[in-house]
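*Asks:* Next up is a structure, given as structure tokens.
The values are calculated or read from the model by the stated rules, or taken from the named source; none is laboratory data. These figures come from a predicted structure and were not determined experimentally. Glycine also receives a Cβ, built like all others from the backbone with ideal geometry; neighbour counts cover every protein chain displayed. Just the protein is used for accessible areas: all its heavy atoms, side chains included, with ligands, DNA and RNA removed. Shrake-Rupley method; radii C 1.70, N 1.55, O 1.52, S 1.80 Å.
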Amino acid sequence: MEESKGKVCVTGGTGFIGSWIIKRLLEDGYSVNTTVRPDPEHKKDVSFLTNLPGGSQRLQILSADLSNPESFGAAIEGCIGVFHVATPVDFELREPEEVVTKRSIDGALGILKACLNSKTVKRVVYTSSASAVTTIIGKQEEIMDESFWSDVDYLRASKLFGWSYAVSKTLTEKAVLEFGEQNGLDVVTIIPPFVSGPFICPKLPGSVRDSLSLIFGNKGFGFLLQTPVVHVDDLARAHIFLLEHTNPKGRYNCSSCLATVERLSELFSAKYSEFQLPTLDSFKKIEGIKLPDLSSKKLIDAGFVFKYGLEEIIDDAIQCCKKKGYL
């Protein structure tokens, strides 16, 4: 058996971000425990994880559920680091926000308690969301850093699209940082915006689809006139960077560039003329969503280097969608 850099745990390993973090960790020489939701009938195909280079030797898949926080203990035991990526996502509001938020917070705190009990975990990296930063009352800032927190009362009152998810991510991120401070556990959070690029999970990730909404059409979030984005590989690398960094503190935005509908239209027209795109004039009639940019200065100042710009993000997303039959 090959030597490992140490064992780490990734929760939510079958998702878009979690699976790419696992791919990167295995490439970097780590042993990985990952958690998936219980699947008594073994219907879920996890071969895309087990077939990764190094997967047969250094990847272990365990069952755990945020509704049962104690279920993560076995996956965390013996690990030096934990990436908590798993999160309840319920944009259709099938459950009350309070239920989703409680599951998210209780699950996260249960994972942190297991980290404390393990005596081996040196750091926890929690995957938050730009939705925990960007929703505030009043004049919207053009660029937002880690000092901003979304206004939970405003979210609950306004019922904006995705408000329940934004509430759960905001309150869970606050809870994990507070737990870390109170219990002497090293916890940092990473805040991605829209994540796009290639994917190894079988299902088309919603954020990839939405980043290509000019091609796919508006399927859910609402038409995005402007949004910060990051390549999934940069995001995975940033997670590992924060695990390995000597002394990271608090929150870290992880956004590499701002995508505007004008810039995307230029890219698609220049390189992907086979797609029927709406004209730029037609955008003027659309009540679209303009999300503020996220400043990643803190992460860059810590030494992280982004590898991918907007053109590479879009190229990689489109090529992967074509290869997997979505385009």
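*Asks:* Closer than 14 Å to LEU291 by Cβ, open to solvent by 20 Å² or more (accessible area, probe 1.4 Å), assigned to a helix (DSSP H, G or I) and not aliphatic (A, V, I, L, M) - does that describe any residue in segment 190-209?
*Replies:* Looking through segment 190-209, at least one residue is closer than 14 Å to LEU291 by Cβ, open to solvent by 20 Å² or more (accessible area, probe 1.4 Å), assigned to a helix (DSSP H, G or I) and not aliphatic (A, V, I, L, M).
*Asks:* Now, a different point. Among the residues of segment 224-274, write down those that are closer than 22 Å to GLU141 by Cβ and among the polar types (S, T, N, Q).
*Replies:* Selection gives GLN226, THR227, ASN253, SER255, SER256, THR260.
*Asks:* What's the total number of residues in segment 25-53 that are over 20 Å from LEU235 (Cα atoms) and in a helix (DSSP H, G or I)?
*Replies:* Residues flagged as over 20 Å from LEU235 (Cα atoms) and in a helix (DSSP H, G or I) within segment 25-53 amount to 2.
*Asks:* For residues that are in a loop (DSSP other than H, G, I, E, B) and surrounded by 17 or more Cβ atoms within 10 Å (Cβ to Cβ), scanning just segment 54-76, find the one that is nearest to the chain's Cα centre (by Cα).
*Replies:* LEU66
*Asks:* Are there any pairs, at least 6 apart or on different chains, whose C-beta atoms fall under 9 Å, with the first in segment 308-327 and at pLDDT 95 or above and aromatic (Phe, Trp, Tyr) and the second open to solvent by less than 50 Å² (accessible area, probe 1.4 Å) and in a loop (DSSP other than H, G, I, E, B), and if so, which?
*Replies:* Close Cβ pairs (under 9 Å, with a partner that is open to solvent by less than 50 Å² (accessible area, probe 1.4 Å) and in a loop (DSSP other than H, G, I, E, B)) amount to TYR308/GLY197; TYR308/SER256.
*Asks:* Can you tell me which of (1) open to solvent by 20 Å² or more (accessible area, probe 1.4 Å); (2) over 29 Å from THR50 (Cβ atoms); (3) not hydroxyl-bearing (Ser, Thr, Tyr) is the one LEU155 doesn't meet?
*Replies:* (1)
*Asks:* Could you go through segment 83-99 and let me know if any residue there is under 21 Å from PHE16 (Cβ atoms) and not in a loop (DSSP other than H, G, I, E, B).
*Replies:* Yes.
*Asks:* Oh, and also: Out of (1) over 20 Å from SER207 (Cα atoms); (2) touching a residue at least 40 places away in the same chain (Cβ under 8 Å), the odd one out for SER164 is which?
*Replies:* Unmet condition: (1).
Matching residues to (1) without any contact (Cβ under 8 Å) to a residue 24 or more places away in the chain; (2) in contact with a Pro (Cβ under 8 Å, 6 or more places away or on another chain); (3) open to solvent by 10 Å² or more (accessible area, probe 1.4 Å):
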residue: LYS5; (1), (2), (3): no, no, yes
residue: GLY13; (1), (2), (3): no, no, no
residue: ILE17; (1), (2), (3): no, yes, yes
residue: ILE22; (1), (2), (3): no, no, no
residue: LEU25; (1), (2), (3): no, no, no
residue: VAL32; (1), (2), (3): no, no, no
residue: ARG37; (1), (2), (3): no, no, yes
residue: PHE48; (1), (2), (3): no, yes, yes
residue: ASN51; (1), (2), (3): yes, no, yes
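*Asks:* For the condition of a type in the set (Gly, Ala, Ser), at pLDDT below 95 and at positive phi, what is the one hit in GLY184, GLY162?
*Replies:* Being of a type in the set (Gly, Ala, Ser), at pLDDT below 95 and at positive phi holds for just one of GLY184, GLY162, which is GLY162.
*Asks:* Still on this structure, I have one more. Looking at (1) of a type outside the set (Gly, Ala, Ser); (2) more than 20 Å from the chain's Cα centre (by Cα); (3) surrounded by fewer than 21 Cβ atoms within 10 Å (Cβ to Cβ), which is the only condition LEU214 fails?
*Replies:* Status for LEU214: all satisfied but (3).
*Asks:* Tell me, which residue of segment 101-139 that is small (Gly, Ala, Ser) and more than 18 Å from ILE80 (Cα to Cα) is surrounded by the fewest Cβ atoms within 10 Å (Cβ to Cβ)?
*Replies:* GLY138
*Asks:* Going through GLU146, GLU98, GLU142 one at a time, which residue ends up being open to solvent by 20 Å² or more (accessible area, probe 1.4 Å), in contact with a strand residue (DSSP E or B) (Cβ under 6 Å, 6 or more places away or on another chain) and either of a type in the set (Ser, Thr, Tyr) or more than 29 Å from ILE61 (Cα to Cα) (or both)?
*Replies:* Step by step, each of GLU146, GLU98, GLU142 is checked, and only GLU146 is open to solvent by 20 Å² or more (accessible area, probe 1.4 Å), in contact with a strand residue (DSSP E or B) (Cβ under 6 Å, 6 or more places away or on another chain) and either of a type in the set (Ser, Thr, Tyr) or more than 29 Å from ILE61 (Cα to Cα) (or both).
*Asks:* Sticking with this structure for a sec: Out of curiosity, is GLY197 touching a helix residue (DSSP H, G or I) at 6+ places or on another chain (Cβ under 6 Å) and on the phi > 0 side of the Ramachandran plot?
*Replies:* So GLY197 fits the description; yes.
*Asks:* For residues that are within 17 Å of the chain's Cα centre (by Cα) and farther than 23 Å from THR134 by Cα, tally how many sit in segment 236-256.
*Replies:* Looking only at that region, the number is 4.
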